[in-house]
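Everything below concerns the one structure shown next.
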Amino acid sequence: MSSGAADLRQRKKQNCTESDKMAPEERNKDNSKPGRSPKYMLVQRFAKLFFGCLAAVTSGMLYAVYLSTYHERKFWFSSRQELEREITFQGDSAIYYSFYKELLKAPSFERGVYELTHNNKTVSLKTINAVQQMTLYPELIASVLYQASGSEEVIEPVYFYIGIVFGLQGIYVTALFVTSWVMSGTWLAGMLTVAWFIINRTDTTRIDYSIPSRENWALPYFACQVAALTGYLKKNLNCSAEKFCYLLVNASTYTFMMMWEYSHYLLFVQAVSLFLLDSFALAQTEKVHEVYKIYLFSLFLGYLLQFENSALLVSPLLSLVAALMFSKCLQMNLKKGTFMARLLKIMYVYLVLTITVTLNFLLKMFVPHKENEHLLKFIEVKLGLNTTKNFTMNWLLCQESLQAPSQDFFLRLTQSSLLPFYILVLIICLFSVTQVIFRRICGEPLKEAIKLEDGRIGERPEIVYHVIHTILLGCLAMCLEGMKYLWTPYVCMLAAFGVCSPELWMTLFKWLRLKAVHPILLALILSMAVPTIIGFSLWKEFFPRIMTELSELQEFYDPDTVELMTWIKRQAPVAAVFAGSPQLMGVIKLCTGWMVSSLPLYNDDDLLKRNENIYQIYSKRSAEDIYKILTSYKANFLIIEDSICNEVGPVRGCRVKDLLDIANGHVVCEEGDSYSYTKYGRFCHEIKMNYSPYVNYFTRVYWNRSYFVYRINTVISFQS
């Protein structure tokens, strides 16, 4: 493999003029075929491109309309009052949309940005840079577009906001369509990709549950980057197409990094895929290193524009790319054929990994950063390397998105025929790539131009990249169910490409040594017949379900929460601070604008500690302890949620009150649950009894079926 890699690295990249000179010669050869005039070929190519682009754009637009229609049917959005609409935003989604509202209410955009970067009206006793801490660049862009386009008199802010998100989801689907089309050569693969994506929407996107979430803003740009990278890695690409793909990779990589705080981790997985692709000498080294430069540029620009975000400096992406660039410099400076040059080629992978780990360790030592330490602790506990009684850590471990995927997930993918075809395509591609690597080790060079009859799909660098990429994402998805939203869309794309690609079928027939039927003819027939059969079966089984889903009027109404928000806006003082569960605090901040003591955000250690302390209202602590905790955050009102206090969870030990008992040492888990001594009852139960000492510290001022609101007394009366 090392000698093969040397051959590939020694080849000089053809410049644009050379490729442009070769293009007419190749066209003349094609046009010399009998019965095919240059005009006919031009019309054929234009028609294929036109109808393919039309199908891609139409698919994206129809998906956006589908999401909008489904959202309207689910929430009855058009017939709701503003307060009822805002209640549909839950948890962190409520916080993101609340800042969008604040930007629109500001006297000017500059003033609105300043108030967000110096925000002291959201969390009590805390001034935060909300733009940096919560990655509010999507809200900044949405507010600018809303005001600059003059949409105030045309459309309501909430419709404009969710409309942008739904539009981005349409771009997401279009990018997946184009990626599959570029890989297979037929837009039929793109249609199948979109069909599988929509049918498996439960496992491909979180748009149903959390519209403003950062990944819903960011992943469409990543899909565009992957589509552009797929085209960029292709062999024999003409100069103008290569430049277009390069510029699109640049723009989409940087935009993706600005939209999501965890984007550099996903780009790190992509960089590892490119590193393996380059290590096996299956792609042009110059192209791969151009992508590395794009990573460096995006990290540098992101660091500057994200208020000197130190998390980007200590990210594994920067360490890996720096190690790869340094290793390349060593290879270029060493004289070819020497002992050190040969040793470096053999030890290339080990050298890169060693430098990456060392550099990342040094950066974390010398660069002040606030990278989430709880993330590393979570990984330790998740892998079984450590145990903990910490409430926050155990609460994260209990979240469904951070557990291993359930059997239902694989069952759904199998019922839609996605998983079986993905496994088939993956196996064929893996075997073909393995053959290619073996040939490279034996010194056989790669073919410059691969023909259909060669049956060597594993020699196409863009295919190898996607195989490696989906395997890495799949490994993550097998550990954390939340990662399935990154993996499943590319499963749809790779499976659709495979069944629609004549090259993949030809690769299979080469191994089977078919003689009875002409393999090329059979490959062309199957590449059309198989996706057509799949498409008709999906249409027959799932299309009626989708239409039924759109025609049904679902009822979403939460009168208790509406009553609570109405009471707060009418009765609570403007300067009041509310305490309660972080999820409820996000809704209160959005619907009323009142200050809260905690937020449903998990990237800040101080907020995590606040959340744990305020959750103590559901523990077995004394009234005095709870009073001291709440007054330390200047809280004026306490809200007890009956759903948490009387929670009957499906998994015992994952309820909030169970996790608090473990963290506080009020329960010991050995052979069975044995409660240790505590003289206090559960606070959320005891406070409802209205007896001393609880009435001395707290006065009930409002209640309904779901919520109990207590004023925290400033003057304590100890009368029984």
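The values are calculated or read from the model by the stated rules, or taken from the named source; none is laboratory data. The model shown is predicted, which means the values in this text are computed figures rather than measured ones. All Cβ positions, glycine included, derive from the backbone under ideal geometry; neighbour counts span all protein chains shown. When the accessible area is computed, the model is the full protein with side chains, heavy atoms only, and any ligands, DNA or RNA have been set aside. Shrake-Rupley method; radii C 1.70, N 1.55, O 1.52, S 1.80 Å.
Summary table
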| quantity | calculated |
| --- | --- |
| Sum of -39500 (n - 2.57) over DSSP H runs of 4+, divided by residues of the chain (222 nm, nearest 500) | -21000 deg cm²/dmol |
| DSSP-defined antiparallel bridges as percent of all bridges, the chain, nearest 5 | 75 |
| Gyration tensor (alpha-carbon) shape descriptor, the stretch 165-551, a/c threshold 1.5 | oblate |
| Per-pair calculated FRET efficiency, R0 = 41 Å: Lys121 and Lys293 via Cβ, rounded to 0.05 | 0.45 |
| Over the stretch 559-712, relative contact order from alpha-carbon pairs under 8 Å, at least 6 apart, % | 25 |
| Estimated FRET transfer efficiency (Gln81, Ser401; beta-carbon r; R0 30 Å; 0.05) | 0.40 |
| With 20 Å bins from 0: P(r) over the chain, alpha-carbon pairs, percent | 15, 44, 31, 9, 1, 0 |
| Accessible surface, the stretch 559-712, averaged per residue in Å² (probe 1.4 Å) | 42 |
| Relative contact order (%) - the chain, alpha-carbon pairs under 8 angstrom, separation at least six | 17 |
| The stretch 431-475: trypsin sites (Lys or Arg not before Pro) falling in loop per DSSP and having at most 14 other Cβ within 10 Å | Lys447, Lys451 |
| Computed FRET value (nearest 0.05) for Glu308 with Ala529, which takes r as the C-beta separation and R₀ as 35 Å | 0.05 |
| Protection proxy ranking, peptides 126-138, 153-165, 183-195, average beta carbon neighbours within 10 Å, highest first | 183-195, 126-138, 153-165 |
| Anisotropy class of the stretch 48-125 from Cα gyration tensor, a/c 1.5 cut | oblate |
| Two-site label geometry, Ser551 and Thr69: point separation in nm, points 7 Å out along Cα→Cβ | 1.1 |
| In the stretch 90-127, GluC sites (Glu not before Pro) in a DSSP loop with at most 14 other beta-carbon atoms within 10 Å | none |
| Theoretical gain in end-to-end length, Phe410 to Val357 [0.36 nm per residue, Cα-Cα removed] | 15.6 nm |
| Gain in span if fully extended, Phe300 to Ile379, counting 0.36 nm per residue against the direct Cα distance | 25.7 nm |
| Extension gain (nm, one decimal) between Phe51 and Glu444, 0.36 nm per residue minus Cα-Cα | 137.5 nm |
| Two-decimal Rg to Rh for the stretch 559-712 - Kirkwood Rh, Cα set | 0.96 |
| For the stretch 438-578: lysine pairs under 27 Å (alpha-carbon distance), excluding those fewer than 8 apart on one chain | 5 |
| Whole-number percent relative contact order across the stretch 165-551, with pairs defined as alpha carbons under 8 Å at least 6 apart | 22 |
| DSSP beta bridge pairing in the stretch 559-712, given as percent antiparallel to the nearest 5 | 75 |
| Tensor-based shape of the stretch 424-463 (alpha-carbon gyration tensor, a/c under 1.5 rounded, otherwise prolate or oblate) | oblate |
